[in-house]
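Asker: Okay, here's the structure, questions in a sec.
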Amino acid sequence: SDVPAGEHEASAGAVADVPGVDETRSLQPATDPTCPDGAQPQRGSGRVPRGRAIPDAPAPAPALVLYTSGSTGRPKGAVMSHAALTFANESWAGPVMGLTPGDVVLATLPLSHSFGLNGALLAPLLAGASVVLVERFAPEAVLEAIGRYGVTVFPGVATMFRRLLESPTLAGADLSRMRLAVSGAAPCPWELAEEWRQRTGIRIVRGYGMTELFRPISYLARDATESPEAIGRAVPGVEVRTVDDAGRALPAGEVGELWIKSPAAMQGYVNDPEETRGVLTSDGWFRTGDLATMSPDGLVRIVGRKRERILRGGHSVFPQEVEAVLLTHPEVAEAAVVGVPHPALGEEVHAFVALRPGAGADAGALVLYCRERLAAFKYPRQVTIVPALPRSAAGKILRSSLRGPR
């Protein structure tokens, strides 16, 4: 479904001082009666003098509170400092997207979410680029805005890229000025990125981030190639490691929990010191809860979530591996795998699948497909076909909803 308009109500009526920027582009509505319904684009109207100088806030002072998506439980408010916000947006504007004042960035992500607020709004303004606001995501409106306003960079989530590929409007869309797409908020499968490149000629820059850390791991705009299985390397200024259950660093290639130390890390959760202590170490490392491996040259591959690992009869099953197999089926558009209680095995593997338009695969065929490609203890014994997977406004799958009573 379309991203709710209410998710975009984070006010941007006045753009506050951003350290290191002498002037900003004022965002003025572009009155255009020919623009399709649902799209309310705005763009920079040129450089204007900044008003009376506002004193810089102390770097450690809180700048904003961003709430987690609640994809695995209760949303928590992450307190971000001015220093963290500055580092994050300089990273977005610089190495990740390589923005220049000549760029035009499409903003159709929720501006109440970290990816939309920083990657689609603040970082472009920091670089002096223009921003085209499309209030509600709809494939036809987005493609119209891309062509009309000469969009060069499109930050989006995987479901947006999938819906654009499925839109009959794509074939006639003008994407000639777009140089880069950027995925975030939720994993972008390699197969989707490759299909997007083949159909449009445009690369999707993949990466890894979370509300508490912004985007600490990513491929960069200048990278010539990407690895299908990896999500990138630590961006400049960020440290990453994998550790065992005792917090000891692991050598390259071994699976462990991914820990990250970043200048863009949150200060803590609002009114929740216990949760804060659970993820932040005393020396500044953030425990992501993700299981990962690192190659000798720093490429990070996510294996799964520690809390999402399924223990089936004593065997560990990582949902991401099962989901990757399901997504290779030509009739599967989306897949999510969770563990459900089982009286003898402890947990059983249960897959939820949304099919492509016009597809007719049934649950039994999908179970067989996985059985032929996965170890006996890994393939799902239960498959439920749903119209769409439950997602947050930012595109993250709400696994807690899938585990609930159906």
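The values are calculated or read from the model by the stated rules, or taken from the named source; none is laboratory data. Since we're looking at a predicted model, the values are computed, not measured. Cβ atoms come from the backbone with ideal geometry, glycine included; neighbour counts cover every protein chain shown.
Asker: The conditions are (1) more than 18 Å from Lys378 (Cβ to Cβ); (2) surrounded by 15 or more Cβ atoms within 10 Å (Cβ to Cβ), and Glu323 fails exactly one of them. Which is it?
Answerer: (1)
Asker: Looking at this structure, is Gly313 exposed (fewer than 14 other Cβ atoms within 10 Å of the Cβ) and within 17 Å of Val349 (Cβ to Cβ)?
Answerer: It is true that Gly313 is exposed (fewer than 14 other Cβ atoms within 10 Å of the Cβ) and within 17 Å of Val349 (Cβ to Cβ).
Asker: Any idea how many residues of the stretch 189-218 are small (Gly, Ala, Ser) and assigned to a loop (DSSP other than H, G, I, E, B)?
Answerer: 1
Asker: Scan Ala221, Ala230, Ala186 and give me the residue that is part of a loop (DSSP other than H, G, I, E, B), more than 23 Å from Thr100 (Cα to Cα) and either in contact with a Leu (Cβ under 7 Å, 6 or more places away or on another chain) or of a type in the set (Phe, Trp, Tyr) (or both).
Answerer: Matching residue, one of Ala221, Ala230, Ala186: Ala230.
Asker: Considering only residues that are outside any helix (DSSP H, G or I) and among the polar types (S, T, N, Q), look in the stretch 103-160 and name the one that is surrounded by the fewest Cβ atoms within 10 Å (Cβ to Cβ).
Answerer: Ser112
This table checks each residue for (1) out of contact with any helix residue (DSSP H, G or I) (no Cβ under 9 Å at 6 or more places or on another chain); (2) in the same structural domain as Leu64 (by TED's automatic domain parsing); (3) among the β-branched types (Val, Ile, Thr).
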site: Arg162; (1), (2), (3): no, yes, no
site: Ala173; (1), (2), (3): no, yes, no
site: Val182; (1), (2), (3): no, yes, yes
site: Leu192; (1), (2), (3): no, yes, no
site: Arg199; (1), (2), (3): no, yes, no
site: Tyr208; (1), (2), (3): yes, yes, no
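Asker: Check the stretch 72-80 and report whether any residue there is within 27 Å of Trp190 (Cα to Cα), buried (at least 19 other Cβ atoms within 10 Å of the Cβ) and of a type in the set (S, T, N, Q).
Answerer: No, every residue in the stretch 72-80 fails to be within 27 Å of Trp190 (Cα to Cα), buried (at least 19 other Cβ atoms within 10 Å of the Cβ) and of a type in the set (S, T, N, Q).
Asker: Could I ask something else about it? So which of Ala333, Ala365, Ala375 ends up being at pLDDT 95 or above and either in the same structural domain as Met160 (by TED's automatic domain parsing) or out of contact with any Phe, Trp or Tyr (no Cβ under 7 Å at 6 or more places or on another chain) (or both)?
Answerer: After ruling out the rest, the residue left standing is Ala365.
Asker: Determine which single condition Val383 fails, assuming it passes every other condition in (1) among the aliphatic types (A, V, I, L, M); (2) crowded, with 20+ Cβ neighbours inside 10 Å; (3) under 27 Å from Lys261 (Cβ atoms).
Answerer: (3)
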